[in-house]
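Take this structure first; my questions come after.
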Amino acid sequence: MLPTFDPRDTEAGSRILEDITSNAGHIQEQVLEEILTKNASTDYLKSFLNGHSDKGLFKNKIPVVDYEDIKIYIDRIALDGEPSRILTNESITELMISSGTSGGKQKWIPKTAEEGERRAFFFCLLATVQNRYLHGLNDGKALFFVLINPDIHTPGGLVLRTTTASEIKNRKDRYPEVILCEDTNQSLYSQLLCGLVQRDAIVSIGTFFASGLQRIIKFFEEHWQEMSSNIRTGQMSDWITDPKCKRTVSLILSKQMPDLADSIDLVCQEKSWEGIIKKIWPRTKYVQAIITGSMAQYIPALEFYTGRLPVVSPAYVSSEACFGINFKPLCNPYDVSYTFIPNMAYYEFIPIGNHQDPNCTNSKDAHLKDHIVDLANVKIGQHYELLVTTCTGLYRYRMGDILLVTGFHNTTPQFKFVQRRNVVLSIDTDKTTEHDLQNAVTIAMHILEPLGFFLLDYSSYADTSSIPGHYVLFWELQLRSNDDIPELDQVKMEKCCSLLEQSLDLEYKMLRNQSISTIGPLEIRVVKQGTFNVLVDFYVSRGTSLNQYKTPKNIKSEKAIEILDSRVVGKFYSREVPNQDS
Ligand code: AMP
C-alpha cells in the first residue's frame, strides 16, 4: 500500500520521502513479494516458477529479457485480444508507447489502473521536492508545454498512447483544455499564445525533454510575428480551428492589446535571441526539462536561450516505470543524480565492468544472473544496467539505460544517467556508444565555440556504401549573434573531424590506423539551419510524440538520411590518422 498525502503538504511529503529512503532494502523486498504473490499464476511466471512466488526462485529462474523477448506476449494481448493474465493479474487498460531512444522501434508497454496510482504517488513526491527547493513557484503560473498525439486502437481492442497522453486523458478535469488538442502545431501555437498574453504571470517554463524545449523555441521563432499580430488585434489566426484551442485562447485573448504586442515585437526583433526566454517572460525563475543522458547535448543551447536561468532536470521516468527524483533540483546540470523511489517497482542492476563496452552484458550470457545485484547492494562509483520488474507484467526487463551510482540518500542509492546501452555507430569491431559520441562532439566543438558557434543538434550514421566505410556526422550549427552561417573555415572544420576521431576509443583508432584501414576518415556534413526541425516534423508525422522525441543519434531510416543529405551545405573530412597512444 502506498502512503497517501496532499501534494501541497510539503512537510508530510518530506516525512514520507525520508521514511521510504531510509528503508529502501526492506521496501524493495516487499515490492517483489507483492508482485510475485499477485502474478504467480500468470502464464509468464508460471512457465518459470510453476505457480510458486518464492523470491529465491525468482532470482534463480527468471531470465533477463529485452523487449524483443516478451513482444510475443504483449502482441497476444494487444493484437489477438488475449487476457492480461498472460503477463499480469492487474487488468491492462492501455498500452504505453515507449520510444526509449527514438530511431529504435516503438515498444508497447502494459499500463494498469494500479500503475496509474503509483505514478500519481511518484509525481506527488516530485511536487514535494520542487516545493521544498524551488521557491516562488506559487507566486505565479507555470508555462509547461504538453503535446499529445491521437490515440491508436490495437486490433485486440486496447488504446495505444504515450504516458503523457494517458495521464492527461485519464484526468482531463485537472488540465487546461488546450493541451487535449491532438494537432501538434495548433496546440503548440495556442499554448505559446496563452503564455505570451500572460507573460507577466509566468514564473517557470518547461516541457519534458530538453530537445522538445529547443523545438518549441524554434517554433516560436517561426511564429512570433503572427502571435504578436493576434495579440494586437485580439483575433486568433484562422488556421486555429480546433475547438479546444479556440475556447481556451478566446478566454485569454479577449481584447486588443497593442502595448503588449509592441513589447513582444521589441524583444523578438532583436537580432540575437540570446536570453529570449528571460526577456519574454521576465519573472521566470526556473526552466524545467530533462537535460541528462543524451539530452546533455542541449545544455549549451538552453543556456543561450534562457539567459542562463537555472535548468531543473526533475526526474528519471519512462513508459515502463517511474524511477528516480532529482533531490537537488538546482544543482549544476552536469551533476544531476536521481534518487530511486523504492516503492515504484523492483529494481535490479547488472554491473558493467567497463562501461565503455556496453555489450559486455549479454542477455544470453548464462552467468549473467550470478552478477545481478539489487538496489540496496549497488556500490558507489560502479556503472550498472537497470533491470525492472513491475506489477504490470515486466520481469527482469532490460531498460537499456546505463547508470552510475553517485551516492546515497539515507539507504537509497542515487544514480547519474550515463547513456543508453545502444551502440550508435559500428563498423567492423568498433562499437561507438551514444556517450562516446557525445563526449567526442563536445570536445570537437571547442574549436568552433570561440568563433561564436554552438551546436543546435547533431546525428550520425555509419556510411558503408563505399569501402572502407566511415562515420558521418550531421551538424546543425548556429551563431550566437543569429547571423547566417558564413562559409566555414575548411582547416578548422577538418580539425573538428580529427579531434572527434582522436576522442573516440582505442578500438576505433586501431581500425583507422591499420595499413589497410578498416574505417575511413570521419566526415562532418554541416546542414543548413532549420534542418533538424524538418527531421522532428518527419518523425512526428510518423506518430512520434513531440513530448517524447529524442533526436536519433544513429539514423537508420533512409528517408531521414535523405532529409539531412538534401540540406547539406558543407562536407569535411578528417585529414589526420588518430594517434593510438593518446
Ligand atoms: P519513454 O518511455 O519514451 O518515455 O522513454 C524512456 C527513456 O527516456 C528512458 O529509458 C531513458 O532512456 C530516457 N530518459 C527518461 N528520463 C531520463 C532522464 N532523466 N535522463 C536521461 N534520459 C532519460
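What follows draws every value from the coordinates through simple rules; no lab data is involved. Since we're looking at a predicted model, the values are computed, not measured. Cβ placement follows ideal geometry from the backbone for every residue including glycine, while neighbour counts extend to all protein chains displayed.
Roughly speaking, what is the stretch gain from Asp151 to Gln580, that is 0.36 nm per residue apart minus the C-alpha to C-alpha distance, in nm to one decimal? Let's see the in-between values first.
Values: separation 429, 0.36 × 429 = 154.44 nm, distance 5.17 nm.
Extra length available between Asp151 and Gln580 comes to 149.3 nm.
Where a ≥ b ≥ c are the square roots of the eigenvalues of the C-alpha gyration tensor, would you call segment 433-582 rounded, which needs a/c under 1.5, or, failing that, prolate if a/b is larger than b/c, or oblate? Working shown, then result.
Working: a/c = 1.85, a/b = 1.31, b/c = 1.41.
Taking the square roots of the gyration eigenvalues as a ≥ b ≥ c, segment 433-582 is oblate.
How much length would be gained if the chain were fully extended between Asp259 and Val159, taking 0.36 nm per residue of separation minus their Cα-Cα distance, in nm to one decimal?
On the way: separation 100, 0.36 × 100 = 36.00 nm, distance 4.61 nm.
Full extension from Asp259 to Val159 adds 31.4 nm.
Which of the pairs Lys141/Lys279; Lys495/Lys528; Lys169/Lys328; Lys416/Lys528; Lys61/Lys550; Lys55/Lys111 have their Cα atoms more than 26 Å apart in this structure?
Lys169/Lys328; Lys416/Lys528; Lys61/Lys550
If we count every other residue with Cβ under 13 angstrom of Pro3's Cβ, Lys/Arg +1 and Asp/Glu -1, where does the sum land? Present the calculation step by step, with values, prior to reporting the outcome.
On the way: positive: Arg15, Arg118; negative: Asp6, Asp9, Glu18, Asp19, Glu117.
Combined, the nearby Lys, Arg, Asp and Glu give -3.
Here is a further query. I need to check one value: relative contact order of segment 333-489, counting alpha carbon pairs closer than 8 Å and at least 6 residues apart, in percent. Present the calculation step by step, with values, prior to reporting the outcome.
Details: 256 pairs, mean separation 26.8, N = 157.
That works out to 17 percent.
For Arg171 and Asp139, FRET efficiency with R0 = 25 Å and r from the beta-carbon atoms, rounded to 0.05?
0.50
So which aspartates and glutamates pass the test for Lys59, namely a Cα distance under 19 Å, with those fewer than 8 places away in the same chain ruled out?
Glu29, Glu33, Glu34, Asp43, Asp69, Glu348, Asp365, Asp370, Asp374, Glu385
Over 5 Å intervals from 0, what percent of Cα-Cα pairs in segment 416-521 sits in each interval?
Per 5 Å bin, starting at 0, the Cα pair percentages come out as 2, 11, 21, 23, 18, 13, 8, 3, 1.
Another one. For Lys278, which aspartates and glutamates qualify as cross-link partners when the Cα separation must be under 18 Å and same-chain residues fewer than eight apart are set aside?
Asp139, Asp200, Glu221, Asp262, Asp265, Glu270, Glu303
Right, here's the next one. Report the net charge of residues surrounding Arg118, where surrounding means a beta-carbon distance below 11 angstrom and charges are Lys +1, Arg +1, Asp -1, Glu -1. Display every interim value, and only then the final one.
Values: positive: Lys111, Arg119; negative: Glu90, Glu114, Glu115, Glu117.
Here the count lands on -2.
Name the shape class, rounded, prolate or oblate, that the alpha-carbon gyration tensor gives for the chain, where a ≥ b ≥ c are the square roots of its eigenvalues, rounded holds for a/c under 1.5, and otherwise prolate holds if a/b is larger than b/c and oblate otherwise. Don't skip to the end; give the middle numbers.
On the way: a/c = 1.66, a/b = 1.10, b/c = 1.51.
Cα axes put the chain in the oblate bin.
Report the trypsin sites (Lys or Arg not before Pro) located in segment 514-562 that are in a DSSP loop and have at most 12 other Cβ atoms inside 10 Å of their Cβ, or state none. Could you put the intermediate results ahead of the total?
On the way: sites: Arg525, Lys528, Arg542, Lys550, Lys553, Lys556, Lys559; in loops: Lys528, Arg542, Lys550, Lys553, Lys556.
When the trypsin sites (Lys or Arg not before Pro) of segment 514-562 are filtered for loop state and at most 12 Cβ neighbours within 10 Å, Arg542, Lys556 remain.
Follow-up. Filter the chymotrypsin sites (Phe, Trp or Tyr not before Pro) in segment 404-449 down to the DSSP loop ones having no more than 15 other Cβ atoms within 10 Å, then list what survives.
none
Using 21 Å as the Cα-Cα cut-off, could you pick out the over-long pairs in Lys218/Lys556; Lys172/Lys246; Lys107/Lys379?
Numbers: Lys218/Lys556 25 Å; Lys172/Lys246 17 Å; Lys107/Lys379 31 Å.
Beyond 21 Å: Lys218/Lys556; Lys107/Lys379.
Stretch Thr241-Lys559 to full length: gain in nm at 0.36 nm per residue minus the Cα-Cα span?
Gain on extension, Thr241 to Lys559, equals 111.4 nm.
A further question follows. With an 8 Å cut-off on Cα pairs and a minimum separation of 6 or more residues, tell me the relative contact order of the chain in percent. Numbers along the way, then the final one.
Details: 1126 pairs, mean separation 85.0, N = 582.
This gives 15 percent for the chain.
First measure r as the distance between the Cβ atoms of Met1 and Lys328, then evaluate 1/(1 + (r/R0)^6) with R0 = 35 Å and state the FRET efficiency to the nearest 0.05.
Working: r = 29 Å, r/R0 = 0.83.
Result of the calculation: an efficiency of 0.75.
Where Lys and Arg each count +1 and Asp and Glu each count -1, what net charge lies around Pro300 among other residues with Cβ under 15 Å from its Cβ? Could the numbers behind the result be given before it?
Working: positive: Arg308, Arg480; negative: Glu274, Glu303, Glu449, Asp457, Glu476.
Overall, the nearby charge balance is -3.
Provide the FRET efficiency to the nearest 0.05 for the Glu222-Tyr573 pair, computing r from the beta carbons and using R0 = 35 Å. Write out the running numbers ahead of the final one.
Working: r = 33 Å, r/R0 = 0.95.
Efficiency at R0 = 35 Å is approximately 0.60.
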